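See below for the structure under consideration.
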Amino acid sequence: MELRDTQKQLLRALPGVDTLLDALTAEIPEETVPRSVLTASAREALEATRRAIFTGTHPTVDLASVLTLAHDLIHRKMRPNLTRVINGTGVVVHTNLGRSLLAQEALDRIRAVGDRYSNLEFNLATGKRGLRYSAVEELICEISGAEAAMVVNNNAGAVLLCLDTLVNGKEAVVSRGELVEIGGAFRIPDVMAKSGGILKEVGTTNRTHLRDYEQAVTDETGLFLKVHTSNYSIVGFTSAVSVAELVTLGKERGIPVMDDLGSGTFVDFGDYGLPSEPTVQQSVKAGADIVTFSGDKLLGGPQAGVIVGSKTHIDAIRKNPLTRALRIDKLTLAALEATLRLYRDEAEAVANIPTLRMITMDREETVARATALMDALATLPVTTEALALSSRPGGGSLPLLELPSCCVGITVPGMGASALEKTLRANDPPVIGRIENETYILDPRTLQEGDISLIADALETLVEARP
């Protein structure tokens, strides 16, 4: 490609790597930014400027302009990729934003275990190697009423591990209305195939009867699997078989019953004026041999897959070689233990576990929070309005539940809702809201302590930067 004279002049004006690096080193103390980052940023800034010259999109070149680009690259490289955001969406268990927030007790335990050695797999009583599950098994059994328990890295792993142990090479009978798909295209039929089990569908999408399970039993039947449809709901002309009914049939035919609760909760939300969700305790009491559920959804803890049930089946699952591949780490165990301890007193759990606190928050509190947010923005040249909208539990939980909330609509003169959303999303920290009816919305249900002042700062910066 033949360069024009102006392009040649611009290329000649480019500073050398050493010159640019010396300038960066003079401005940035090396102890704050590693030299490798300074060097890489200098080279990338020069290369980006060259490309702009070749494409004719860089009108001028001097040391100052390349330095500015290098500084931007350094800032980007030094900023953590995983960072905090302000959740103003109103979705409590927001999968894309990290699902459940941890209770302060859980954060304290992570720190206590993370910067010191621990008895992760050491039995202090015998002085010999122990099981990492012992940190939480007794607590889980105490709360759920189960005979035994163990924990793996997430509920998808828990389901895979249980199926691989219980039905490898045999048939698992499942209602067609329960062949769910969760986030990331994780489907029950696919995980069944991966586990070596043979899926046997019974009933129809909307109606499955006990006789469908009875008629499906053969010498190859290894499991009755019930999957809670936690992320969708079938309404209208429907029929489903309860865990208790399946357990009765399972005992008659010598077939174990597994109940995958998905989200999983220890709290009956019906006691708080919300629709009830099947609790772990109810499934255990109904006699399910194995129950699996998540730790970071309605439970309000860290990512984990909890398995509870009979000691015979739990012992078999523990011996599965997959257990090591799916095992939980020490920091997650520490956070899970602290979260579980709060459940010994349900009132304490609801008050101190952020997920439970936000889901059970009444509308009056959202009104107070919305008022505080609008007051904080009152001096800025923006328009705010209180809107009666709804929040969502999120995380594939309680799909039909809308939580009445008082939200704040924000309008910046001369700026559309999409542009406002994009600009606030680029803030540090990013502010994540939602758009409804061409209006930018912040839902105070999911705002945390200190977020309102940060939102006000972000909007003040935004309006000051506008021409």
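As a length-normalised measure over Cα pairs under 8 Å and 6 or more apart, the relative contact order of the range 113-267 settles at 19 percent.
Suppose we keep just the DSSP beta bridges with both residues in the chain; what percent of those would be antiparallel, to 5? All intermediate terms of the calculation are to be shown ahead of the outcome.
Numbers: 31 of 52 bridges.
Bridges in the chain that DSSP calls antiparallel: roughly 60 percent.
What the chain shows is 49 Å² of accessible area per residue, with the surface traced by a 1.4 Å probe over protein heavy atoms.
Just in the range 297-329: which trypsin sites (Lys or Arg not before Pro) are loop by DSSP and have at most 15 other Cβ atoms within 10 Å? Each step should come with its number before you reach the end.
Values: sites: 297, 311, 318, 319, 324, 327; in loops: 297, 319.
In loop regions of the range 297-329 (DSSP not H, G, I, E or B), the sparsely surrounded trypsin sites (Lys or Arg not before Pro) are 319.
Angle of helix 104-114 to the longest C-alpha principal axis of the chain, folded into 0 to 90 degrees and rounded to 10: 80°.
Computed from the Cβ-Cβ distance with R0 of 25 Å, the FRET efficiency linking residue 96 to residue 438 stands at 0.65.
Taking every C-alpha pair closer than 8 Å and separated by at least 6 residues, the mean separation divided by the residue count of the chain gives a relative contact order of 19 percent. Put the Cα centre of the range 432-457 next to the Cα centre of the range 127-168 and the gap is 39 Å. Per residue, the chain reaches -12500 deg cm²/dmol at 222 nm when only DSSP H runs of four or more residues are counted, each adding -39500 (n - 2.57).
Ligands, DNA and RNA left out, the accessible area of the chain computed with a 1.4 Å probe is 51% carbon and sulfur.
Tell me, rounded to the nearest percent, the portion of alpha carbon pairs in the range 36-135 spaced more than 21 Å apart. It would help to have the intermediate numbers written out before the result.
Numbers: 3246 of 4950 pairs.
Roughly 66 percent, rounded to a whole number.
Using a Förster radius of 51 Å, what is the FRET efficiency between residue 206 and residue 71 based on their Cβ-Cβ separation? Nearest 0.05, please. Approximately 0.25, to the nearest 0.05.
Normalised by the number of residues in the range 5-116, the average gap of Cα pairs under 8 Å and 6 or more apart makes the relative contact order 27 percent. Of the chymotrypsin sites (Phe, Trp or Tyr not before Pro) found in the range 86-155, the ones in coil according to DSSP and having at most 13 other Cβ atoms within 10 Å of their Cβ are 117.
Grab the Cα-Cα distance for residue 364 and residue 5, subtract it from 0.36 nm times how many residues apart they are, and report the gain in nm with one decimal. Display every interim value, and only then the final one.
Working: separation 359, 0.36 × 359 = 129.24 nm, distance 6.89 nm.
Length difference between fully extended and current span is 122.4 nm.
To make sure I understand the rule: partners must be lysines, Cα under 26 Å from the Cα of residue 297, and not fewer than 8 residues away in the same chain. Which ones qualify? Reachable lysines: 194, 226, 285, 311, 330. The calculated FRET efficiency for the pair residue 418 and residue 461, based on their C-beta separation and a Förster distance of 22 Å, comes to about 0.70. The structure shown yields Kirkwood radius over Cα pairs in Å, and of the options (1) 25.9; (2) 22.0; (3) 29.1 that calculated value carries the label (1).
The values are calculated or read from the model by the stated rules, or taken from the named source; none is laboratory data. Everything quoted here is computed from the prediction, not taken from an experiment. Here Cβ is always computed from backbone atoms with ideal geometry, including for glycine, and neighbour counts include all displayed protein chains. With ligands, DNA and RNA removed, areas are computed over all heavy atoms of the protein, side chains included. Shrake-Rupley method; radii C 1.70, N 1.55, O 1.52, S 1.80 Å.
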